[in-house]
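Trainee: Input: one structure, supplied below.
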Amino acid sequence: MATVDENVVRIFDTTLRDGEQSPGATLTSVEKLEIARQLALLGVDIIEAGFPAASPDDLAAVQRVAREVGTPDGPIICGLARAVEKDILTCWEGVKDAAKPRIHTFLGTSDIHLKYQTGMTREQALDVIRRAVTLARSLCEDVEFSPMDAGRTDPLFLVQACALAVECGATTLNIPDTVGYVTPGEWGEVIAQLIAETPGAGIGSGVIWSVHCHNDLGLATANTLAGIKAGARQAEVTINGIGERAGNTSLEEVVMAIATRPHYYNTRTNINTREIVKTSRMVSNYTGMHVQPNKAIVGANAFAHEAGIHQDGMLKHASTYEIMTPETVGWSQSKLVLGKHSGRHALKARLQDLGYNIEGDALNQVFARFKALADAKKTVTDADLQALIADEFHGPEEIFRLEDIQVTCGTMGMPTATVKLVQTDGETIIHAAVGTGPVHASYRAIDDVVKAPNELVEYSVHSVTEGIAALGEVTVRIQPPNSERSFGGYGADADIVVASVKAYLAAVNRMIAAQGYGERKPEGDAATVEIKQVS
Ligand code: KIV
Ligand code: ZN
């Protein structure tokens with residue numbers, strides 16, 4: 001096994017797998033590919049691109065990321081697999097074309113999971129781990145094993161499971177606090193004890209210890225950092241901390257804690273921190289999950305100083321109230337103000353600074369929208385441009401496209417909306433409906449045309465910048481009947497009814513495009529699917 005550089009914490013990004021498990025965060029394969037490209041630019045060491053056995057779409061998306069982002073100088077591309085033969089084989093199909101593929105297999109090891117989820121004894125669990133890791137290792141040189149719910153697993157059994165996984169060929173041991181149960185002090189002790197006591201996996205063995213924490217008690221970052229302090233050299237994280245329930249550890253918080261306190265953590269990461277804000281914005285736009293303004297590092301207020309005494313200190317020296325500069329994490333300090341007199345070149349240059357290389361027709365399209373916005377609101381900010389880009393280029397496949405919308409509303413008469421939608425085959429449909437307000441009327445008109453029943457489970461609107469002429473951003477989440485799956489959509493426009501309609505149509509298109517828009521889950525479970533003995 002290769003030697004481990006103890007000075008580096010590897011950043012394992014699971015935005016496309018655990019992050020995508022956030023309600024409504026379903027991403028199209030094009031969006032996944034773009035996020036993966038951005039993660040590579042950000043410098044993550046490993047991308048967990050998905051759970052290939054979950055559906056044929058997930059498999060195809062992982063394959064695409066493996067082929068297009070998994071280049072020799074790019075990140076390791078990893079897929080997740082339950083400890084069952086079918087998942088592991090499908091996972092290998094997903095990642096094998098990457099220059100550096102990894103299979104990540106897992107099994108619940110806590111007594112709670114063994115008793116209630118898989119119905120296995122500890123002995124049976126060890127047998128499943130033996131077969132799964134051996135199979136994975138027969139296919140791929142890089143194998144990660146996770147004893148799921150490690151935070152509630154008997155530490156002695158954890159040592160046994162990890163030792164067995166290493167014996168069967170695991171190269172990374174990832175210790176997940178699946179339900180966000182542990183506290184930093186005890187988690188540090190668990191990791192230190194595992195490293196010291198797991199046969200074949202101590203310092204110098206070549207095995208990499210990893211931590212994967214959930215945020216149910218708001219402790220995910222603290223627990224991850226405690227694990228790193230105790231010797232873990234891989235951190236599993238997501239952008240903006242999105243993920244199951246209360247989410248995962250956020251990449252930006254762990255990376256900036258290590259960067260800001262190098263002498264305390266005595267280690268570093270390979271992350272290009274200047275790409276953090278852009279990546280955060282991309283993930284937020286594509287998933288429709290807003291970043292709260294007070295979110296560390298990437299929230300809109302993370303570097304805003306309101307109190308007079310703070311502003312006074314900042315004017316004297318930024319170090320009085322800032323522990324890192326906003327530019328270090330990619331907040332732009334551009335002095336270039338774009339407005340209605342700015343030309344195509346200025347726009348193109350600003351977009352390039354923001355990381356978007358847009359030319360030709362696409363540039364013309366953005367320029368037209370930029371001009372319309374600049375006419376209305378004098379100065380166009382970076383946030384406005386990012387919202388325009390997200391709105392123009394990052395929706396799902398347009399099965400129905402909005403051509404026009406007209407609404408009448410107010411206190412007299414019934415709010416009415418007329419929509420003109422164009423289908424992929426070019427057919428144009430015009431339809432009108434009434435509702436309790438202009439958004440309701442528009443959504444009803446769309447529903448009558450697309451005939452894809454759903455419930456609107458979330459609708460939010462906010463302005464990208466301050467001022468009466470600001471761009472409005474709308475995100476929605478809809479759910480088909482009898483399904484736990486939900487679909488998000490995003491739209492931006494100076495007219496919030498238009499933004500609302502774009503967001504809704506994006507979510508509807510995403511729902512229709514998802515095969516049969518039913519549940520997405522792999523067949524069988526760990527208890528019933530048997531792994532054949534691998535010779
Ligand atoms: O939270 C968890 O336990 C997981 C595993 C699959 C690593 O996501
Ligand atoms: Zn998880």
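The values are calculated or read from the model by the stated rules, or taken from the named source; none is laboratory data. Everything numeric here is computed off the predicted structure, so don't read it as measured data. Cβ atoms come from the backbone with ideal geometry, glycine included; neighbour counts cover every protein chain shown. Please note that ligands, DNA and RNA were not included when accessible areas were found on the heavy atoms of the full protein model with its side chains. Shrake-Rupley method; radii C 1.70, N 1.55, O 1.52, S 1.80 Å.
Trainee: In degrees, nearest 10, range 0 to 90: what is the angle between the Cα axis of helix 438-450 and the longest Cα principal axis of the chain?
Mentor: With rounding to tens, the tilt is 70 degrees.
Trainee: Right, another one. Based on DSSP H runs of at least 4 residues, each adding -39500 (n - 2.57), what is the mean residue ellipticity at 222 nm of the chain after dividing by all its residues, to the nearest 500 deg cm²/dmol?
Mentor: -11500 deg cm²/dmol
Trainee: Give the residue list of trypsin sites (Lys or Arg not before Pro) in the range 410-499 that are DSSP loop and have at most 13 other beta-carbon atoms within 10 angstrom. Intermediate values should be presented prior to the final figure.
Mentor: Numbers: sites: 420, 444, 451, 477, 485; in loops: 451, 485.
Answer by residue number: 451.
Trainee: Express the C-alpha Rg of the range 218-277 as a ratio against the empirical globular expectation 2.2 N^0.38 Å, rounded to two decimals.
Mentor: Taking the Cα Rg and dividing by 2.2 N^0.38 Å, one obtains 1.07.
Trainee: With the other protein chains left in place, how much accessible area per residue, in square angstrom, belongs to the chain at a 1.4 angstrom probe?
Mentor: Numbers: 23180 Å² over 535 residues.
Value returned for the chain: 43 Å² of accessible area per residue.
Trainee: Return the carbon/sulfur percentage of the accessible area of the range 370-413, one whole number, probe 1.4 Å, all protein chains in place.
Mentor: Roughly 50 percent of what the probe reaches on the range 370-413 is carbon or sulfur.
Trainee: In the structure shown, do any of 295/502; 32/278; 278/502; 420/502 have a Cα-Cα gap over 19 Å, and if so which?
Mentor: In this structure, 295/502; 278/502 exceed 19 Å between Cα atoms.
Trainee: Here's a follow-up. Dividing the Cα radius of gyration by the Kirkwood radius, what Rg/Rh value follows for the chain?
Mentor: Dividing the radius of gyration by the Kirkwood radius yields 1.00.
Trainee: Next question. Counting only protein heavy atoms and using a 1.4 Å probe, what share of the accessible area of the range 1-136 belongs to carbon plus sulfur, as a whole percent?
Mentor: Roughly 54 percent of what the probe reaches on the range 1-136 is carbon or sulfur.
Trainee: Rg/Rh for the range 304-392: what does it come to with C-alpha atoms and Rh from Kirkwood?
Mentor: Answer for the range 304-392: 1.09.
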